[in-house]
Each structure stands twice: as structure tokens, then as C-alpha cells.
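What follows is one structure encoded as C-alpha cells, with my remarks underneath.
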Amino acid sequence: MILVVILYALLAATFLLAKKAIMYANPCFLIGFRMICAGLVLVGYQAFVRKGGISIPRADWWLFFKASLFHIYFAFTLEFWALQYVTALKTTLIYSLTPFVAALLAFFLLHERLSLRKMVGIIVGMSSLIPVVAMKVVGPEAAFEWARISLPEIALLGSVFSATYAWFIVKQLIAKDYSLSMINGVAMFVGGVLSMTTASIVEGFAHPVSNWPYFFGWVAALIVVANIIVYNLYGLLLKRYSITFLTFAGFLCPSFGTLYEWLFLSGVVTWQHAASLVLIIIGLYIFYRDEMRG
């Protein structure tokens with residue numbers, strides 16, 4: 001159980017690390033640099049440590065490209081652009097909607113049945129957005145506010161949908177006997193190349209980083225924590241616990257996010273943040289109580 005707590009403490013920390021890293025580099029350049037490095041590490045692990053094949057039949061190229069687009073390029077581009085304007089805590093709270101988004105996508109894409117209890121859980125969970133969105137937008141985010149919701153908040157929601165949809169693609173690739181390290185490695189590398197290409201067009205390479213030592217430090221921390229430790233720890237825990245339990249335990253992520261915001265970013269934790277967190281926990285409890293009974 002301690003390892004589950006550590007998993008979500010580290011996962012919440014990745015939003016803090018990303019918030020720090022984005023202070024020293026352009027978003028697309030940061031994503032491209034990080035993902036190309038992480039992708040090479042994972043593909044190298046697959047090829048030289050696990051001694052597995054890294055060849056991809058032409059028939060599967062489209063699936064890998066879609067995984068690269070939705071798992072990496074769209075998800076991280078939207079998230080890191082939004083991180084320039086929103087707090088790490090708000091990002092963590094919005095990403096906590098992932099289980100509910102996954103259930104909705106499974107309903108529409110796989111025609112999985114949703115019970116009344118699950119639908120209530122989804123409604124309660126999604127309503128957790130209301131207190132956060134209703135907050136008065138201040139700082140740089142205010143420039144993007146429209147009808148009580150800001151463009152960065154919409155971008156974060158798009159990131160959640162993209163990242164969640166990507167797992168349906170990953171599941172198809174796993175069914176074809178590709179290892180998760182192979183899938184993630186290729187997706188990260190290709191997604192990183194796409195991000196770096198976007199950076200060259202949109203941002204330019206004149207001054208992509210404001211402080212290289214700090215940039216290298218935060219990116220290295222992100223790769224180690226997010227791409228190596230969290231990835232491997234989640235795989236280890238899946239052998240010990242059910243995916244239902246691990247997903248339900250995800251409420252720990254915004255809990256740690258709240259703590260980090262207060263401790264390290266001098267953030268103000270308001271009653272709206274607390275209300276959102278409570279609604280997420282209640283929604284998850286209702287949703288997974290039905291799941292566990294099934």
C-alpha cells in the first residue's frame with residue numbers, strides 16, 4: 001500500500017516539475033527535447049536490455065503514428081501550453097477526470113454499458129470542474145478567459161481526452177504483443193520529433209531556452225520521475241493490485257498536488273480547490289463501488 005501512495009505522490013510531482021521546466025523553455029521545444037531523449041532511452045532498453053525486436057510491420061505503422069499523436073504530441077502540447085498560464089494544482093485536478101473520461105470513451109467507442117450508478121459517479125466527478133472554473137481568473141490566464149472558462153482550461157480538457165483516448169490505441173498494440181516499453185518508446189520518440197518540428201515552425205530556435213543548466217536539471221528530473229520511475233512502478237503495482245483499485249487510488253494525486261502547490265509554489269489553496277477535490281473523491285467512490293460489485 002505504501003508503494004501506491006508513493007506512485008501518486010510522484011505522479012503529482014510531475015506536474016510540479018513540468019511547471020518548473022516550462023519557466024525556462026518554449027513549450028514545444030521542451031516537449032520535443034524531453035520526449036526524444038525519453039524515447040531513445042525506452043527503445044534502447046527494449047533493444048539492448050530486454051533484447052526484444054524493435055521492427056514494426058507496415059500494417060501497424062498507422063497505429064503507432066496515432067499513439068504518437070494522441071499519447072504524446074496532442075496531449076503534451078496542450079498540457080504544456082496551458083501550464084504557462086494555470087497552476088499545477090488546477091492541472092492536477094483537471095487530470096483527475098481521467099477515469100470518467102475513459103468510461104465515456106469506452107461507452108462511445110467500445111459500446112460498453114454504463115450502469116445508473118456509474119453515470120451518477122461520472123456526473124458528480126465531472127461537476128468537480130464547476131468550482132474551479134467558477135473561480136475568478138487572475139494573472140496571465142485572465143487574458144484567455146471567455147464566458148467564465150479560460151482557453152488554457154479548455155486546452156487541459158483536450159489534453160485529458162487525448163491522453164485517455166491514446167490508451168485505447170495502446171491497448172490495441174498490446175493485443176498485438178508489443179511491449180509497453182516498445183510502444184511508449186516509439187510514441188515518445190515520434191511525438192518528440194513532431195513537437196520539435198512544431199517548435200521550429202512556431203517558436204523558432206533562436207532562443208528556445210532561457211537558462212540551459214536549470215532546463216537540463218528539470219528535464220532530467222521529469223524523465224527520471226515520469227518516464228522511468230512512475231512507468232516502472234505502475235507496471236509493478238499492476239501485478240499486485242487490480243486496475244480498479246489503482247485507478248480509484250488516483251484521488252491521492254490531486255491531494256498531493258494541493259500539498260505541493262502550498263509548499264513549493266506559494267500557491268493559495270481555496271475552498272473551490274477543496275470542493276473540487278471532494279467532488280472528485282465522491283464521484284470516484286460512487287463509480288468504483290459499482291465496478292467492484294461487478
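We did not get these values from a lab; they are worked out from the coordinates using the rules stated. From a predicted model like this one, the values you see are computed outputs, not experimental measurements. With ideal geometry, Cβ positions are generated from the backbone for all residues, glycine too; neighbour counts draw on all protein chains shown.
Things to note:
- Ranking of Y234, Y95 by neighbouring Cβ atoms within 10 Å, starting from the fewest: Y234, Y95.
- For I54, I149, order by how many other beta-carbon atoms lie within 10 Å, fewest first: I54, I149
- One Cα centroid belongs to the stretch 158-209, the other to the stretch 16-39; the line between them spans 13 Å.
- Candidates A221, S210, L233 compared by Cα position along the dipole of the chain: farthest toward the positive end lies L233, with charges placed on Cβ.
- Per residue, the convex hull volume that the Cα atoms of the chain enclose (Å³): 145 Å³
- Helical contribution to [θ] at 222 nm, DSSP H n ≥ 4, -39,500 (n - 2.57), averaged over the chain, rounded to 500: -21000 deg cm²/dmol
- Reachable lysines, given that their alpha-carbon falls under 16 Å from the alpha-carbon of K176 and they are not under 8 places away in the same chain: K66
- When the chain is treated as a Gaussian network with alpha carbon springs shorter than 10 Å, the biggest mean-square fluctuation among L97, L151, L279 belongs to L151.
- For the chain, complete DSSP H runs whose alpha carbons reach 18 Å or more along their own long axis and whose mean Kyte-Doolittle score is 0.0 or higher are 2-21, 27-44, 151-175, 180-198, 271-293.
- Ordering W218, W167, W271 by the number of other Cβ atoms within 10 Å of each residue's own Cβ, fewest first, gives W271, W167, W218.
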